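In what follows, a structure is listed as structure tokens, so that the remarks can point back to it.
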Amino acid sequence: MENIYDVVIIGAGPAGLSAGLYSARGKMSTLILEKSKTGGQIATTEEVANYPGSIEHASGPSLVARMVDQCKEFGATIEKDTIKEVKLDEKIKVLVGEKNTYKARSVIVAPGASPRLLDVPGEKEMTGKGVSYCATCDADFFTDFEVFVIGGGDSAVEEAIFLTRFARKVTIVHRRDELKAAKSIQEKAFKNSKIDFMWNTTIQEIKGEGLVEGVVFKNLQTGETQEYMANEEDGTFGIFVFVGYIPQTQIFKGILDMDEAGYFITDDNMKTNIPGVFAAGDCRVKSLRQVVTAVSDGAIASVQAEKYIENNFHE
Ligand code: NAP
């Protein structure tokens, strides 16, 4: 017999895993699809200190591992596949992946967001060769080297603090003259003697052959450019980019309502413009993108999916 899931969840970050937990626990047949690693952005976060109850400052990967175990314990299936196309207008929704096609009575879309690039010459070529978007993954390569962290938000400043455990010097390069990060995070950075700041500055070009060897900075107030080269002994340095995120909503363009930046527009019950389709987590228009709000979205979406199925599929 054809397998039609009660709920298919796209994305196994905190929102998707929370939706999966609630759906499986609610005895709905639940499939969670993830195109890469489970956990989304927290999978690459060193410390999750602001998730209630996480007093031992759990690392992102350990929190994710527990969420995954909990989902599976209640019967959710997690599979790796990349959804390429969706057909959501019929009563039974169809999701076409690279590996399989999936059918569902309801769909919870929780694809999260991925790092925004600087979009400057040399960035793509040097990614993985000195340019990184994940301190947890790559900090170790820069033990006793210099690193630059680009951005002024929570991610940039938190990751800069983390990088001081490895690098001998960390310079935060920000395009404004003040940080955007929460005051408590800023205070820690200002107190850290290994952290320097370059204000009103952006990167214009990244240079190197094999590894990053130089970078061209531009002062936005004076318009002056300045080339910085790795010292001879080091031969290289790190550039960690944390300039925000882009919602992974492209395949839903023209199907689900979204704002100009590509974030899904939902109501308070995570309902999209299509009945039976819900959105949860960082992909959604919202005022706070955190693990705690993502898991909340997931739970609400799941309960609403259950109600939708009850009203539309049961006599
Ligand atoms: P964000 O808050 O959007 O900050 C992005 C930073 O990058 C801003 O300072 C921005 O400058 C700068 N920027 C953007 N485009 C740039 C470009 N092309 N060149 C140079 N700089 C650029 O992003 P985020 O720090 O990744 O945080 C994302 C969300 O996750 C936020 O809601 C944040 O609160 C949350 N978060 C929370 C925590 C925590 O609570 N512990 C940790 C990490 C993330 P402007 O200031 O000029 O806009």
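The values are calculated or read from the model by the stated rules, or taken from the named source; none is laboratory data. Everything numeric here is computed off the predicted structure, so don't read it as measured data. Positions of Cβ are generated from backbone atoms using ideal geometry, with glycine treated the same way; all protein chains shown enter the neighbour counts. Heavy atoms of the whole protein, side chains included, go into the accessibility calculation; ligands, DNA and RNA do not. Shrake-Rupley method; radii C 1.70, N 1.55, O 1.52, S 1.80 Å.
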Surface share of carbon and sulfur [accessible, 1.4 angstrom probe, percent] for region 200-304: 47 percent
Cα convex hull volume per residue for region 123-241 (Å³): 93 Å³
Neighbourhood charge, 13 Å Cβ-Cβ cut-off, centred on Lys307 and excluding it, Lys, Arg +1 and Asp, Glu -1: -1
Gain upon complete extension [Lys72, Arg116; 0.36 nm per residue less C-alpha separation]: 12.7 nm
Theoretical FRET efficiency, 1/(1+(r/R0)^6), r = Cβ-Cβ of Gln250 and Glu178, R0 35 Å, to 0.05: 0.60
GNM flexibility winner over the chain from Lys99, Lys207, Lys271 (Cα, springs under 10 Å): Lys99
Crossing angle, helix 154-163 versus the chain [Cα axis fit, 0-90 degrees, rounded to tens]: 60 degrees
Those residues of region 46-81 whose amide nitrogen sits under 16 Å from the label point placed on Lys286, 7 Å along Cα→Cβ: 50-52
Free-standing Cys residues across the chain, given no other cysteine C-beta under 4.7 angstrom: Cys71, Cys283
Heavy-atom accessible area per residue - region 77-171, 1.4 Å, Å²: 45 Å²
Per-residue SASA entry for Asp268, accessible area with 1.4 Å probe, Å² rounded to 10: 130 Å²
Accessible area in square angstrom per residue, region 250-315, 1.4 angstrom probe: 51 Å²
Total charge dipole magnitude, region 123-241, about the Cα centre, Cβ charges on Lys, Arg, Asp, Glu only, Debye to nearest 20: 520 debye
Restraint check, Lys37/Lys103; Lys124/Lys194; Lys87/Lys271; Lys84/Lys286; Lys93/Lys253; Lys93/Lys307, Cα-Cα greater than 19 Å: Lys37/Lys103; Lys124/Lys194; Lys84/Lys286
Difference of contour (0.36 nm per residue) and Cα-Cα distance, Arg165 to Glu123: 12.6 nm
Using a Förster distance of 45 Å, the FRET efficiency for Leu220-Thr101 (Cβ separation, nearest 0.05): 0.35
Accessible-area value, Ser296, 1.4 Å probe, nucleic acids and ligands omitted, Å²: 50 Å²
Residues with amide H under 5 Å from that of Phe145, placed H, sequence gap 5 or more: Arg168
Integer Hz, Karplus 6.51/-1.76/1.60 couplings in order for region 59-69, x for Gly and Pro: 6, x, x, 6, 5, 4, 4, 5, 5, 5, 4
Magnitude of the charge dipole, the chain, Cβ model with Lys/Arg +1 and Asp/Glu -1, debye to 20: 800 debye
Between region 1-20 and region 263-315, the Cα center-to-center distance that results, in Å: 12 Å
Cα-based reach from Lys91 at 19 Å (exclusive), listing aspartates and glutamates while leaving out same-chain residues under 8 positions away: Glu2, Asp6, Asp257, Glu306, Glu310, Glu315
